[in-house]
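Reading through the structure tokens given below for one structure.
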Amino acid sequence: MAETMRAARLHEIGQPMKLDVVRKPIASGTDVVVQVQGCGMVPNLANVLANWQTWYPQMPLPPLPAIFGLDPVGMVHQVGDNVVGYQPGDYVYVNPGRACQACHSCLSGTPQKCGYWTLGGYFGYNENSLEMFRLYPEGGFCEFMRAPQTALVKLPDGLAVGHGTRFGYLGTSYAALKKCGPLAGKSIIINGATGTLGVGATILALAMGAARIYAVARGEKLLSRLEQLAPGRVITHSNLHGPVAAWVKSQTSGKGADYMLDTLGAVASLDSMKDAMYGVKRGGRIVNIGGTAGDLGVDVKWWMDEQMEMIGSVWFTTADGIEMADMIASGAIDISVLEPKSWPLDSINEAINGVSSGDGGFTNYLVTI
């Protein structure tokens, strides 16, 4: 008889998840099975489960009943016959990015450009994602999950599970900051700085040598807390008190910041993003990793005349994750300010609905298994 495990599964849109007993996955080839200890809870998951098919019908969710869960951390439990470099007992983060692993984009280290690119345990980007969901059906809200060895990031000994499950958001910010360009001695606007992506981006930008971080958000309490990470280097502004672009220009002798990272959430106004963009200096670079959607009216002559660059950045590679793990192990990155808040798997529905009860991006939500 096949071994079984517990898993939280969504059976119907609009209904709570159910705790089911399902078949436990088996490792083969270059795949591994990870015993999940904890999985990050996406603050926007309730919105995704309820509205995604209406918002973005071209981007499929996993076929129901589905095991969601985007940011799993645990121990390697079983390895396939062709796995190299991993063994049972390794402490790992499982990057949910799934791609074909055979096309030019994948082999060039840019799997996000692959036509099969999918976020396992979350959503896909086109109909090809259905094949990825078939090959790797488990997200992190279960006891065991199968994943390709190329998804594994070995975590530093002693890193708490509740911090390891933040790697998805940290990695998204890290990859985007790398796309900005060298940060040493440069200035950057982080729009939406007190959210989950924004707080991580601030921590990482400091570690990567940014001279000035212009942190923009609404809430002054969290902005003040963000400023305390590095007084003098993190300079904050509530956009409730006036336009961002004018404020940044006033801080930079009229020139503007070298870069901008937009991290706004799905329901944020595009007007806020557009305002902050005009705070970037001539020849600057703007990278978007937020969830806002819609048509952004940009003066294309400004874009041309000022030689602006605008880049969209999705998720991060396993190599980026390895770099972050090494930076944490060396002490170059300190994520101890992130405060884990957890629920057991049995309380999965309470967890989905409880992610607004923390301190913005300083709280890391997870489900423990």
Over all Cα pairs of the chain, how is the pair count split among 10 Å bins, expressed in % and running from 0 up to the last occupied bin? 5, 24, 33, 24, 10, 2, 0, 0
Given 20 °C and 1.002 mPa s, compute D for the range 282-333 with the Stokes-Einstein relation, Rh being the Kirkwood radius over Cα pairs; round to the nearest whole µm²/s. 154 µm²/s
If you count only protein heavy atoms and use a 1.4 Å probe, how large is the accessible surface of C100, to the nearest 10 Å²? 50 Å²
Relative counts (whole %) of C-alpha pair distances in the range 304-369, using bins that are 5 Å wide: 4, 13, 13, 13, 17, 17, 11, 5, 4, 2, 1, 0
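Mean Kyte-Doolittle hydropathy of 1.6 or higher plus an axial Cα length of 15 Å or more: which whole DSSP H helices in the chain meet both?
Flagged H segments are 196-207.
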Kirkwood Rh and Cα Rg combined as Rg over Rh, evaluated for the range 239-369: 1.05
With every protein chain left in place, what is the accessible area of S224 in Å² (1.4 Å probe, nearest 10)? 60 Å²
Counting heavy atoms of the protein chains only and a 1.4 Å probe, report the per residue accessible area for the range 212-369 as a whole number of Å². 47 Å²
Hey, can you rank 257-265, 310-318 by average C-beta count inside 10 Å, highest first? 257-265, 310-318
Could you state the per residue volume, in Å³, of the convex hull enclosing the Cα atoms of the range 162-225? 80 Å³
Which value, in Å² and to the nearest 10, is the accessible area of E339 when all protein chains are kept and the probe is 1.4 Å? 80 Å²
For the chain, with +1 on Lys and Arg beta carbons and -1 on Asp and Glu, the positive-most of Y259, G361, P148 along the dipole: Y259
In deg cm²/dmol, rounded to the nearest 500, the helical mean residue ellipticity at 222 nm of the chain, built from -39500 (n - 2.57) for every DSSP H run of length 4 or more, is -7500 deg cm²/dmol
Percent of Cα-Cα pairs more than 20 Å apart in the range 13-150, please. 46 percent
What percentage of the solvent-accessible surface of the chain, computed with a 1.4 Å probe over protein heavy atoms, is contributed by carbon and sulfur atoms? 51 percent
Distant alpha-carbon pairs in the range 1-90 (separation over 15 angstrom), percent: 69 percent
Cα lying deepest toward the dipole's positive end in the range 5-124, options G85, M41, C106, charges on Cβ: M41
In what order, largest first, do R282, R98, R23 sit by accessible area if the probe radius is 1.4 Å? R23, R282, R98
Largest first, how would H104, H241, H77 line up by accessible area (1.4 Å probe)? H104, H241, H77
For the charge dipole of the range 305-369, defined by +1 on Lys and Arg C-beta atoms and -1 on Asp and Glu C-beta atoms about the Cα centroid, which residue among A319, M308, S336 has the Cα displaced farthest towards the positive pole? S336
How much area per residue is accessible in the range 141-198 when the probe is 1.4 Å and only protein heavy atoms are counted (Å²)? 26 Å²
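The values are calculated or read from the model by the stated rules, or taken from the named source; none is laboratory data. In this text the structure is predicted, and so the values were computed from the model without any measurement. Here Cβ is always computed from backbone atoms with ideal geometry, including for glycine, and neighbour counts include all displayed protein chains. Surface areas here come from the heavy atoms of the whole protein model, side chains and all, with no ligands, DNA or RNA. Shrake-Rupley method; radii C 1.70, N 1.55, O 1.52, S 1.80 Å.
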